[in-house]
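A quick write-up on the structure given underneath.
The values are calculated or read from the model by the stated rules, or taken from the named source; none is laboratory data. Keep in mind it's a predicted model, so treat the numbers as computed, not measured. For neighbour counting, all protein chains shown are included, and Cβ atoms are generated from backbone atoms with ideal geometry for every residue, glycine included.
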Amino acid sequence: MSSIINQSLALTTSNLKSLRRRIWTSLSLVFSVAMVVTVLLGFLAMSNGFRTSLLQAGSGDIAIALGKGAATELGSRIEPSQLHYLDGVTGIATDAAGAPVISPEMVIPVEVPEKSGGLLSTLSLRGIGPFGLSVRPNVRIVRGRMFNPGTSEIVVGRRLSLDYKGLEIGEQLTLGTSKWTIVGIFDAGGSVFESEMLADIGVVQTLFNRPNLIQSVRIKLTNQEVLPALQSMAAHTPQIGLTVRSEQDYFAGLAERTSKLILLIGWPLAMTMAAGAVVGAMTTMFSSVSDRSTEIATVRAIGFSRRAAFAGTWIESMMLTCLGSVIGIGFSYLVLNGWTASTMSADHTQIGFQLTLSPSLVMKAVWLSLIIGAIGGALPAVAATRIPLRLAMSGRT
């Protein structure tokens, strides 16, 4: 066994020393693997970043109520009369005056120009009730102030203020036929809330001619354990007519659907590129075997085994693909990790998020690159074991 290992190492070392003679074909293999790894990690990081952004917004002690049968706010309609049945319900937190901490809300899609290029993007203008910030514990005003109720003032998510025109404090923003004043910038810890603009729900309803429109209700719970009782009460009280879920469950559902869609595009594309990389690996390694055919025949003639000839070529393929994998991972961390992207939400508005890599995602890319090297190097390695020994004497096929 030690003899086979020593022979394999000797042939591998010899192969690597001869790389200079075929540097460009070897680099093409390294580059193709690096591209596969980068593309796959890009989609995986996009899916992970989007899911992280949504899940960060969810809180276990906040419930979100939608109209009966609605899965998202876009398709939800709630009558103001339905909210009265929530007064005095056990498990809903109250303020110092005894009022239930609930926030009726609605979302209006509005178009705002991007800073780079000036293209119009659809963003979310969310109308919130007086307890709108109380049911968003991770939201805090970092510049300016909160809007005054009953006025056409807006506070803007930090991420939006960086990417879109007219969203700085003091600027006037025209949305439809109404004019709004930006009075504050808020931070939400990188969650999806930073992709929204917040305003008073009554003013939004009036200026956009949506009288009494409510799409969702956020409810502050006394603790997480009361949620099942609240859900049961809402389900068995026809007058309420609401579907109640924890905010965490709601955002987890949204994240799962969009993440699967991203991966549905990413994996097939990466696998198609991987198939091309396998062909490239085979071409490169067949070229390597052809270049070293006399050398391989010579060492076989002096006693090197077929297994050593196979291992020398196969290990070279694996090392080149590993180098490509390392380059792809390094590029992804330097360029893609933390890069800001956006995608369409369920209500057809932009949601900004950051691409986020993790060790588990990197391992998936590493395994794919190893598969490329293993498959792409196998047939050339088998060919290396079948080189006629007479080449050691003749030097030609």
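Observations
- Of residues in segment 209-243 being charged (D, E, K, R) and out of contact with any helix residue (DSSP H, G or I) (no Cβ under 8 Å at 6 or more places or on another chain), the one surrounded by the fewest Cβ atoms within 10 Å (Cβ to Cβ): 225
- Residue ID - modelled with the highest pLDDT, chosen from residues in segment 337-360 that are surrounded by fewer than 20 Cβ atoms within 10 Å (Cβ to Cβ) and hydrophobic (A, V, I, L, M, F, W, C): 339
- Among the residues making up segment 108-151, those that are small (Gly, Ala, Ser) and either in contact with a Ser or Thr (Cβ under 6 Å, 6 or more places away or on another chain) or surrounded by 14 or more Cβ atoms within 10 Å (Cβ to Cβ) (or both) are 121, 124, 127, 129, 132, 134, 144.
- Beta carbons closer than 8 Å, at least 6 apart along the sequence or on distinct chains, pair a first residue in segment 61-84 that is buried (at least 19 other Cβ atoms within 10 Å of the Cβ) with a second that is among the aromatic types (Phe, Trp, Tyr) for 64/250.
- Boolean, residue 230 is outside the structural domain of residue 356 (by TED's automatic domain parsing), touching a residue at least 24 places away in the same chain (Cβ under 8 Å) and among the hydrophobic types (A, V, I, L, M, F, W, C): yes
- Counting only helices (runs of 4 or more DSSP H) that fall entirely inside segment 155-249 and contain at least 2 residues that are more than 23 Å from residue 51 (Cβ to Cβ), the qualifying elements are 201-207, 227-235.
- Scope segment 43-95; condition modelled with pLDDT of 85 or more, assigned to a loop (DSSP other than H, G, I, E, B) and more than 32 Å from the chain's Cα centre (by Cα); matching residues: 79, 91, 93, 95
Rundown of residues vs (1) under 25 Å from residue 209 (Cα atoms); (2) in contact with a strand residue (DSSP E or B) (Cβ under 7 Å, 6 or more places away or on another chain), yes/no style:
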{"residue": "141", "(1), (2)": "no, yes"}
{"residue": "146", "(1), (2)": "yes, yes"}
{"residue": "154", "(1), (2)": "yes, yes"}
{"residue": "162", "(1), (2)": "no, no"}
{"residue": "173", "(1), (2)": "yes, yes"}
{"residue": "180", "(1), (2)": "yes, yes"}
